[in-house]
1. Cα centroid distance between the range 8-82 and the range 112-176, in Å?
2. If each residue of separation counts as 0.36 nm, what is the full-extension length gain between F233 and S28 once their alpha-carbon separation is subtracted?
3. Net charge near G147, counting Lys/Arg +1 and Asp/Glu -1 over other residues with Cβ under 15 Å of its Cβ?
4. Please give the net charge around F201, taking every other residue with its beta carbon less than 12 angstrom from that of F201, where Lys and Arg add +1 and Asp and Glu add -1.
5. Under 26 Å from the Cα of K198, which lysines turn up, not counting those fewer than eight places away in the same chain?
6. What percent does the relative contact order of the chain come to when contacts are Cα pairs within less than 8 Å and at least six residues apart?
7. Ignoring any ligand, DNA or RNA, what whole percent of the accessible area of the range 221-297 comes from carbon and sulfur when the probe is 1.4 angstrom?
8. Quick one: net charge around K117, please, counting Lys, Arg +1 and Asp, Glu -1 for every other residue with C-beta under 15 Å from its C-beta.
Amino acid sequence: MSSTESSVSKTSVITDFKEITKMGLSVSVVFSALAGYLLGADTINYTTLMLLALGGYFMVGASNAYNQIIERDLDALMDRTKNRPIPAGRMSVNTAFIIATAFTILGIVTLYNINPKTAMWGAISIFLYTSVYTPLKTKTPLSVFVGAIPGAIPFMLGWVAARGEFGIEPGTLFAIQFFWQFPHFWSIGWFLFDDYEKGGFFMLPTGKRDKGTAVQIIMYSVWTVLVSIIPVFGFTGDLKLSILGAVVVFLLGVLMLVFALRLFKQRTVKAAKQLMLSSVFYITMLQIIYVADKFLR
């Protein structure tokens, strides 16, 4: 094999590894966990921060790899997933399984070294994502509700890593990310509706790109905004938010709600994509604002 072929081969392996673990998604999840840790920590322990980042990536990467093993035949039917490593034939199921299992073990061990409860929530996340959410995606739109549970764990996981306990504070962080996922994933389900249909996935609450789905997207967007500003009222223990921070978060929520209303009015793929992007902007900025508010307050 020439040096050029060897280089291409190594690049392909790295690319496939990134795809099987969904590196982009995994990094965004780790970001949520780190934000939760910074909110919960009295003093920052950089060893814990590093373990949380590594353990979080391992756990999310494992979930994604298991998911792609289970859905490999369905992935081959959809345009957005047919070039993934397994359906494209670049990675065997056994190799993917080894990666997923190794990541699961490494993730649990890494998070356990922070504290047992962090490892427990990480393990629950993998179980729900792979054993409950993934099989339900072809059965019922309620799969989005189930998937929102492991999807909401990372933000609160950081707090549990910092404090070693579950309470009103991590519960609030969980609720914020839980409600946020409905407008986020339903907007994705909307603009990828035709592709999801090829794989037999039921992602929209009414099963259609109709007013009923758009109304539910608006409702959950409102709930997301309301839950996001609760800490300003002083009901959430050590999780606090200044009036200024709450105003900024509220305005960001109004922006997301505008795009949800636009989807209701237009019911187009373009409007759904705009809502999806605004939802990503919302949750990212919310976490940054929460952390900045804590340290600048």
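The values are calculated or read from the model by the stated rules, or taken from the named source; none is laboratory data. Keep in mind the model is a prediction, meaning the values are calculated, not measured. Cβ placement follows ideal geometry from the backbone for every residue including glycine, while neighbour counts extend to all protein chains displayed. Heads up: the accessible areas ignore ligands, DNA and RNA and are worked out on the full protein's heavy atoms, side chains in. Shrake-Rupley method; radii C 1.70, N 1.55, O 1.52, S 1.80 Å.
1. 15
2. Fully extending the segment from F233 to S28 adds 71.0 nm.
3. With Lys, Arg at +1 and Asp, Glu at -1, the net is +2.
4. Charge balance in the 12 Å sphere: -1.
5. Leaving aside lysines fewer than 8 places away in the same chain, those within reach of K198 are K18, K22, K82, K137, K139, K208, K211, K270, K273.
6. Computed over the chain, the figure is 18 percent.
7. Taking all protein chains in place, the range 221-297 shows 76 percent carbon and sulfur surface.
8. That sum, taken over residues with Cβ under 15 Å, equals -1.
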